[in-house]
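Student: Have a look at the structure that comes next, please.
Any read-out appearing in this document is the output of simple, stated calculations on the displayed coordinates, not a laboratory observation. Since the structure is predicted, the reported quantities are computational estimates derived from the model, not experimental observations. Cβ placement follows ideal geometry from the backbone for every residue including glycine, while neighbour counts extend to all protein chains displayed.
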Amino acid sequence: MERQDQNLAFMLQYENIAWFEDGKVRILDRRCYPGKIEFVTCTHYAEVAKAVTDMVTQSAGPYTAAAMGMALAAYECRDQSVMQQREYLKKAAECITNARPTTAKRMGQICRVMTEAAEEAWKTGSDVALAIRDRAVEANNSRYSKIAKMATYLVEQIPDHGTVMTQCFAETIVGMMLKEAKSKGKTFRIFCPETRPYFQGARLTATVCYEMGFDVTVITDNMPAFVLKNENVDVFTSAADAICMDGHVINKVGTFQIAIAAKYMGIPYFVTGAPDLVHPTVKDVKIEMRDPEFVLQAMGVRTAREGVKGYYPAFDVTPPELVSGVVTDLGIFCPYDLWRYAKEGASGEYEVVV
């Protein structure tokens, strides 16, 4: 099987996202990367769920971690009867799925696919944990392949020597977008808002862009409108933590305000990802509220005096009227016509196509 993570940046390699081996799951700690390359080691599936909750990994990282966490759960219960193992994996899936509320349905899809791999392994007498890990690699290969197709459509929207603004860390699509651009001989510069309070844009997106040879500039989160206007940005793009079938986009908080500014200035906003059939409307999406103390500091250094309050929604909602197009593996869709994506037989981003 050809791995789809070839020629991508360090943190996009499967083993450097999350990896099960020898009864442990090792997860790259993105809270300190690239300043330090450290891994969090988990010996119980609940520790994997906690690592996701604690933002050890984020963007698409939790989906790899979820799969590897299921492999770890299978390893933990390997000496039990099949009936007991099945019940153990069910509990593990419930725990991992709900590590973060906004992405629970996508996490549930991943855990379901890994449970199916376990069922197949029980039938053949194979090592269940390794079977799940193999399925996790297949799942990543499948998703990376679909995102590579998205990248071809997205890169077509970016003029050569143009300028792109991103938001947060779009992970796989960032790597695939840059890989596709290089294969086409196209170059462009990239502006990355820092994305407080975890600074994913500054630390992660910018690092991937730099490692892959692109001109990248970090800006603070209150600069996007100025940069959109004065740096002749051609395209604003982001991934999404959910793309509802009614066209609403849930992504890292700050996406909404950049989309407003882009719309005002006539700059297209393209969101990448498969529409989520599990989210027919935006009404069933729960926006995660995180510890407000995080907004009162910057990388561990307190920036506000004791006694003041913070406010920290992890995501915001961008309505379809601000979205120029949803870039999928089947092409670019109008945000008001996403059910057509499903009608055309698409398998979605998190269904495994082997």
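Student: Can you tell me what share of the DSSP beta bridges in segment 148-343 is antiparallel? A percent to the nearest 5 is fine.
Tutor: 40
Student: Semi-axes of the equivalent ellipsoid for the chain, please: Cα gyration tensor eigenvalues, times 5, square-rooted, ordered largest first, whole Å.
Tutor: 32, 23, 20
Student: For the chain, modelled as a GNM with alpha-carbon contacts under 10 angstrom, which of Y264, Y63, Y341 fluctuates the most?
Tutor: Highest fluctuation of the listed residues: Y264.
Student: Something else now. Out of all DSSP beta bridges with both ends in the chain, state the antiparallel percent to the nearest 5.
Tutor: The antiparallel proportion sits near 55 percent.
Student: Treating the Cα atoms of segment 174-249 as identical point scatterers in vacuum, please give the log10 of the normalised Debye intensity I(q)/I(0) at q = 0.14 Å⁻¹, two decimals.
Tutor: -0.52
Student: Something else now. Subtracting the Cα-Cα distance from 0.36 nm times the residue separation, let me have the gained length for K286 to M299 in nm, one decimal.
Tutor: Contour length minus Cα-Cα distance gives 2.0 nm.
Student: Taking only Cα atoms and a 10 Å spring cutoff, compute GNM fluctuations for the chain and point out the largest among S183, S145, S324.
Tutor: Looking only at S183, S145, S324, the largest GNM fluctuation is found for S183.
Student: Please state, as a whole number in µm²/s, the translational diffusion coefficient that the Stokes-Einstein equation yields for segment 202-286 at 25 °C and 0.890 mPa s, with Rh defined as the Kirkwood radius across alpha carbon pairs.
Tutor: 171
Student: On to the next question. Looking only at L89, L330, L154, which one moves most when the chain is put into a Gaussian network model with springs between Cα atoms under 10 Å?
Tutor: Of L89, L330, L154, the most mobile in the Gaussian network model is L330.
Student: Semi-axes of the equivalent ellipsoid of segment 10-144: what are they in whole Å, largest first, if each equals the square root of 5 times a C-alpha gyration tensor eigenvalue?
Tutor: The equivalent ellipsoid of segment 10-144 has semi-axes of 23, 14, 14 Å.
Student: Could you tell me the extents of segment 124-226's C-alpha atoms along the three principal axes, largest first, rounded to whole Å?
Tutor: The principal-axis extents, from largest down, are 60, 35, 20 Å.
Student: Right, here's the next one. Using the eigenvalues of the Cα gyration tensor, what equivalent ellipsoid semi-axes result for segment 148-343 when each is taken as the square root of five times the eigenvalue, whole Å, largest first?
Tutor: Details: eigenvalues 137, 98, 41 Å².
Largest first, segment 148-343 gives 26, 22, 14 Å.
Student: Turning to a different aspect of this structure: Name the longest site-free stretch of the chain, where the excluded sites are GluC sites (Glu not before Pro) in a DSSP loop with no more than 15 other beta-carbon atoms within 10 Å.
Tutor: 39-230
Student: A further question on this structure: When DSSP assigns beta bridges and you keep just the ones with both residues in segment 230-354, what percent turn out antiparallel, to the nearest 5?
Tutor: If I count the DSSP bridges inside segment 230-354, around 65 percent turn out antiparallel.
Student: Evaluate 2.2 N^0.38 Å with N set to the residue count of segment 68-169, then give the Cα radius of gyration divided by it.
Tutor: Working: Rg = 18.0 Å, N = 102, 2.2 N^0.38 = 12.8 Å.
Ratio of Cα Rg to 2.2 N^0.38 Å: 1.41.
Student: Tell me the volume per residue, in Å³, of the convex hull enclosing the alpha carbons of segment 47-95.
Tutor: 58
Student: Additional query: For the chain, what is the calculated [θ] at 222 nm in deg cm²/dmol (nearest 500), taking -39500 (n - 2.57) for each run of four or more DSSP H residues and dividing by its residue count?
Tutor: So the helix-based figure for the chain works out to -12000 deg cm²/dmol.
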